[in-house]
Structure formats: C-alpha cells, structure tokens
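None of the figures in this text is laboratory data; all of them are computed from the coordinates on show. Being a predicted model, the structure only gives us computed values, none of them experimental. Cβ atoms come from the backbone with ideal geometry, glycine included; neighbour counts cover every protein chain shown.
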Amino acid sequence: MLGVDTVQEFNVITGVAAAEYGGFVGGVVNAVARSGTNEFHGTIYAFHRNDNLDAANFFENKNSQPKPEFKRNQYGFTVGGPVIKDKLFFFGSFEGLNERLTTTATTSRQGQFALKLHF
C-alpha cells in the first residue's frame with residue numbers, strides 16, 4: 001500500500017475494463033507513485049486524533065458509562081532526489097500508525113420463549 005504523499009496520480013476505470021487490465025468487470029484503480037527528480041524534495045506530516053472532541057455513543061449514554069479512551073497518531077515522511085544527475089533518481093517514503101482504543105462494555109439480556117400446545 002502506498003502512503004498518503006507517495007501517490008502522484010490515480011484514476012478509476014469502471015464498467016468493463018480493456019484487455020490491458022485483464023477485462024475485469026466492475027472497477028480498476030490505477031495508482032502512480034512519485035519518483036525522484038534532479039532536485040531534492042520531501043515532506044513530513046503528522047495527524048493526531050483523540051477522544052476529547054468525540055461524542056459518546058448511544059450505549060454509553062444509555063448506561064451512564066464514560067467515553068472510552070481513543071488516541072490515533074498517523075505520521076510519515078517522503079524524500080526523493082538525484083543519485084546521478086539526469087540518469088538515476090531515488091524516492092522513498094515511510095508511514096506509521098499508532099492507535100490506542102478501548103471499547104465500551106455492554107451487556108444484553110436474552111430471554112427464552114417456550115410455547116406449549118395442548119390438544
């Protein structure tokens with residue numbers, strides 16, 4: 001899988017794809033990865049999300065339970081450039097994901113229903 005900043009372009013082909021795609025029916029997704037150039041380029045990024053701005057779900061409200069802890073960190077970098085000017089280039093990327101999630105404990109009651117018929 002390609003990272004967020006690794007994809008240069010993509011297209012989606014729907015319906016019956018041409019023979020070059022194996023004649024698939026449905027959909028084909030093409031993705032082109034970035035490549036190096038004669039200049040050094042790169043990106044660094046980080047996304048953070050936690051439970052502080054999340055609403056409690058239905059079961060937590062109904063059972064007067066606190067929201068579970070949730071923390072998600074997604075981060076990465078890309079770098080590309082020349083190895084030999086005008087001839088050989090490099091490009092690389094890294095993407096990491098750390099997620100800490102707890103769940104709400106819910107209980108359910110199940111009953112049994114029996115029907116007796118007397119003739």
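For beta carbons closer than 6 Å, sequence separation of 6+ or different chains, a first residue in the stretch 64-79 that is surrounded by 14 or more Cβ atoms within 10 Å (Cβ to Cβ) and a second that is in a loop (DSSP other than H, G, I, E, B) and of a type outside the set (Phe, Trp, Tyr), the qualifying pairs are Gln65/Thr104; Lys67/Ala56; Pro68/Thr102; Pro68/Thr103; Pro68/Thr104; Gly76/Gly3; Thr78/Asp5. Taken over the stretch 80-92, the criterion of being exposed (fewer than 15 other Cβ atoms within 10 Å of the Cβ) and either in contact with a Leu (Cβ under 9 Å, 6 or more places away or on another chain) or hydrophobic (A, V, I, L, M, F, W, C) (or both) is satisfied by Val83, Ile84, Leu88, Phe90.
Exactly one residue out of Ala46, Ala55, Ala17 is under 20 Å from the mean Cα position of the chain (by Cα) and of a type in the set (Gly, Ala, Ser): that is Ala46. Checking each residue in the stretch 14-55 for being more than 30 Å from Lys85 (Cβ to Cβ), among the aromatic types (Phe, Trp, Tyr) and in a loop (DSSP other than H, G, I, E, B) picks out only Phe24. Among the residues of the stretch 47-55, is there at least one that is closer than 30 Å to Thr102 by Cα, touching a Lys or Arg at 6+ places or on another chain (Cβ under 7 Å) and among the acidic types (Asp, Glu)? Within the stretch 47-55 (the criterion being closer than 30 Å to Thr102 by Cα, touching a Lys or Arg at 6+ places or on another chain (Cβ under 7 Å) and among the acidic types (Asp, Glu)), the answer is yes, since at least one residue qualifies. The number of residues in the stretch 32-63 being more than 20 Å from Gln8 (Cβ to Cβ), acidic (Asp, Glu) and exposed (fewer than 13 other Cβ atoms within 10 Å of the Cβ) comes to 1.
For the residues Lys87, Lys62, the requirement of being closer than 30 Å to Leu101 by Cβ and among the basic types (Lys, Arg) singles out Lys62. Just one of the listed residues (Asn63, Asn11, Asn38) is touching a Pro at 6+ places or on another chain (Cβ under 6 Å) and not charged (D, E, K, R), and it is Asn38.
Of the residues that make up the stretch 37-46, is at least one aliphatic (A, V, I, L, M), touching a residue at least 12 places away in the same chain (Cβ under 8 Å) and in contact with a Phe, Trp or Tyr (Cβ under 6 Å, 6 or more places away or on another chain)? Yes: one or more hits. Go through the residues of the stretch 69-83 one by one and say whether even a single one is in contact with a His (Cβ under 9 Å, 6 or more places away or on another chain), within 16 Å of Gly3 (Cα to Cα) and small (Gly, Ala, Ser). Checking the stretch 69-83: at least one residue is in contact with a His (Cβ under 9 Å, 6 or more places away or on another chain), within 16 Å of Gly3 (Cα to Cα) and small (Gly, Ala, Ser). Please go through the stretch 1-13 and give me each residue that is in a strand (DSSP E or B) and surrounded by 13 or more Cβ atoms within 10 Å (Cβ to Cβ), ordered by number. If the condition is that a residue be in a strand (DSSP E or B) and surrounded by 13 or more Cβ atoms within 10 Å (Cβ to Cβ), then Val7, Ile13 are the ones that fit.
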